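The values are calculated or read from the model by the stated rules, or taken from the named source; none is laboratory data. Computed from a prediction, not measured in an experiment: that's the story for all the values here. With ideal geometry, Cβ positions are generated from the backbone for all residues, glycine too; neighbour counts draw on all protein chains shown.
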Amino acid sequence: MQAASKGKQAMALLVWLAITFSASAIGAIASVRAASFYGQLVQPDWAPPSAVFGPVWTVLYALMGVSAWLVWREGGVAKHRSALTLFLVQLAVNALWSWLFFAWHRGALAMADIILLALLIVATMRSFWKVRPLAGILLVPYLCWVLFASALNYAVWQLNPNVLG
């Protein structure tokens, strides 16, 4: 790889990370009061402390950005438009969840959103795997966390029907 090519690769990695962390920022806007709101909810015994979520999501967003970059490296957006578009759609659905749950207190809609998100992650993993297996593998922790978050979403929603209607 030539020096200019390495520079382009590094810039592209930064762009994919910026896109991914932008989705995180959009969700974070909805989560400004998440700690106090979440702390007031009845939670299952197995719910992690709220301090766990930030570090976990930071690692997951970094893995997502690298995963998309790896697919991009295999021919760019033009060659892998459908896989990368699927990635962007799941990012949007991911960001929407925070709004549904934390800002709008819509437990049922948040549950539907997170189920859709899990399905989109699986589809993204499959499409990324076909391009570059490592790109699909890097999304496995994300899927595992979202499946755990789905169970937590359901439990918290069921334990707080008056708040999360």
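Here is how the numbers come out for the structure above:
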quantity: Near pairs, Cβ below 7 angstrom, 6+ apart or cross-chain, from the stretch 33-50 (in contact (Cβ under 8 Å) with a residue 40 or more places away in the chain) to any residue that is among the aliphatic types (A, V, I, L, M) and loosely packed, with under 15 Cβ neighbours inside 10 Å; calculated: LEU41/VAL163
quantity: Flag if LEU120 is at pLDDT 95 or above, more than 29 Å from SER5 (Cβ to Cβ), touching an Asp or Glu at 6+ places or on another chain (Cβ under 9 Å) and crowded, with 16+ Cβ neighbours inside 10 Å; calculated: no
quantity: Given (1) of a type in the set (A, V, I, L, M); (2) within 19 Å of VAL156 (Cα to Cα); (3) in contact with a Ser or Thr (Cβ under 7 Å, 6 or more places away or on another chain), number of the condition ALA108 does not satisfy; calculated: (3)
quantity: Selected residue (only one of VAL131, VAL156, VAL140, VAL146 is under 21 Å from PHE21 (Cβ atoms), surrounded by 15 or more Cβ atoms within 10 Å (Cβ to Cβ) and at pLDDT 95 or above); calculated: VAL146
quantity: Considering residues of the stretch 54-100 that are under 14 Å from ILE26 (Cβ atoms) and among the aromatic types (Phe, Trp, Tyr) only, the residue surrounded by the most Cβ atoms within 10 Å (Cβ to Cβ); calculated: TRP97
